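Below is one structure, written out as structure tokens, with a few remarks after it.
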Amino acid sequence: MKRFLLNLMIVTSLLFTTLTVFAEVVFRQQCKLEEPPLTVLRVKTAYSNAYAIIGPVQTFLVDTGDSRSWRQIKAEIEEFNPLAWEQLTHIIITHAHFDHAGSATRIQELTNADIITHAGDAYSYERGITDVGNIRQWPWSEAILVPVIQGLFRFKRVFSNTYLEEAEYDLENIVVSESFPAKGYIWHIPGHTPGSLGLVLACGETRLALLGDTVVGENGKLAKQMSFAHDWDLLDEQYERIIDKDFDLIFPGHGNTVFRRQK
Ligand SMILES: [Zn+2]
Ligand SMILES: [Zn+2]
């Protein structure tokens, strides 16, 4: 009987380890004294990062992984705090690629959250196609890559509640409560795709930026995304703008969080 119980414990703990979800809190801080903290929860989906920005009464989701990621995103947010999932009001998609927009429509169906995208990628969202542009050194690749990847990496079509056209869109427009701890804006940073977006947040003295595939995090350092882009000159320009802003923390679409300075 003892042996049986021991085996049961081992099996249970193995199962628990396998089933436990691994959301990572990449930022948690009080933006103002005596206010509840702001949390950024990173969900590492199969291909990319999705981030939940969790305030006391409202959650935003930035990116949604591929078409299967919704289950993991839901589970990991609920594991952090069931209320954070229930209070999801907005899904901000950084760009119309299958690994970022893939579960947006499913999550919208589950939560009734509004989807915010940039109008520059509307054509791809509404057809569920991934337009990767071209490989940096091989501009000719677009003619071959685009049709192949469009065929392979489709996602459920996304119909946004808001198609942004502005260069900057104030977060106040979508904040439902005065107690949301961070201020900020959604930022148009075209290049990787015509409608690429970032989310910039100020929490007290700390400035955070979620920048999709315009950048990557490599070994704790910020790097320009060098694989695919619609317009490489534009992407280079965005990278300069990003460097100029001197953000404290950058959350890329792929790779780890970049800490740029310590305060
Ligand atoms: Zn990506
Ligand atoms: Zn991308």
Requested in this report: Enter the angle in degrees (range 0 to 90, nearest 10) between the Cα long axis of helix 2-19 and the first principal axis of the Cα atoms of the chain, meaning the one along which they spread out most.
Outcome: 20 degrees
Query raised in the report: log10 I(q)/I(0), Debye, Cα-only the chain, no solvent, q = 0.09, 0.12, 0.13, 0.16 Å⁻¹?
Result: -0.40, -0.69, -0.80, -1.18
Query raised in the report: Taking the Cα centre of the range 24-259 as the origin and placing charges on Cβ (Lys, Arg +1; Asp, Glu -1), which of ALA209, GLY198, ILE73 is farthest toward the positive end of the dipole?
Result: ILE73
Query raised in the report: What is the helix-to-structure angle for 70-80, meaning the angle in degrees between its Cα long axis and the longest Cα principal axis of the chain, kept from 0 to 90 and rounded to the nearest 10?
Result: 50 degrees
Report task. For the range 20-141, give the magnitude of the charge dipole about the Cα centre (Cβ charges: +1 Lys/Arg, -1 Asp/Glu; no others), in debye to the nearest 20. Result -> 280 debye
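So what is the 222 nm mean residue ellipticity for the chain from helices alone, if each DSSP H run of at least 4 adds -39500 (n - 2.57) and you divide by all residues, rounding to the nearest 500 deg cm²/dmol? Don't jump to the answer; show the numbers that get you there.
Details: 8 runs with 78 residues, N = 263.
The per-residue figure over the chain is -8500 deg cm²/dmol.
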Query - Electrostatic dipole magnitude of the chain [Cβ: Lys, Arg +1; Asp, Glu -1; Cα centre; debye, to 20] - result: 1260 debye
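Pull out a ≥ b ≥ c, the square roots of the eigenvalues of the alpha-carbon gyration tensor of the range 146-190, then state rounded if a/c is under 1.5, prolate if not and a/b is larger than b/c, and oblate in the remaining case.
On the way: a/c = 3.23, a/b = 2.35, b/c = 1.38.
Prolate, because a/c is 1.5 or more and a/b exceeds b/c.
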Report task. Tell me which residues come under 5 Å, amide H to amide H, from THR64 once H is placed; ignore anything under 5 positions away on its chain. Result -> ALA101, GLY102, SER103
Report task. Would you work out the relative contact order for the range 76-170, in percent, from Cα pairs under 8 angstrom that are 6 or more residues apart? Result -> 30 percent
Requested in this report: Classify the range 93-161 as rounded, prolate or oblate from the Cα gyration tensor: take a ≥ b ≥ c as the square roots of its eigenvalues, call it rounded if a/c is under 1.5, otherwise prolate when a/b beats b/c and oblate if not.
Outcome: prolate
Requested in this report: Putting +1 on Lys and Arg Cβ atoms and -1 on Asp and Glu Cβ atoms, find which of TRP138, TYR163, ILE174 reaches farthest to the positive end of the dipole of the range 116-198.
Outcome: TRP138
Query raised in the report: How high is the FRET efficiency between LEU33 and ASP246 when r is their beta carbon distance and R₀ equals 30 Å, given to the nearest 0.05?
Result: 0.75
Query - Where only C-alpha atoms are counted, convex hull volume of the range 170-263 per residue in Å³ - result: 93 Å³
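Every read-out reported here was derived from the displayed coordinates using simple, explicitly stated rules and does not represent laboratory data. All figures in this text were calculated on a predicted structure; none of them were measured in a lab. Cβ atoms come from the backbone with ideal geometry, glycine included; neighbour counts cover every protein chain shown.
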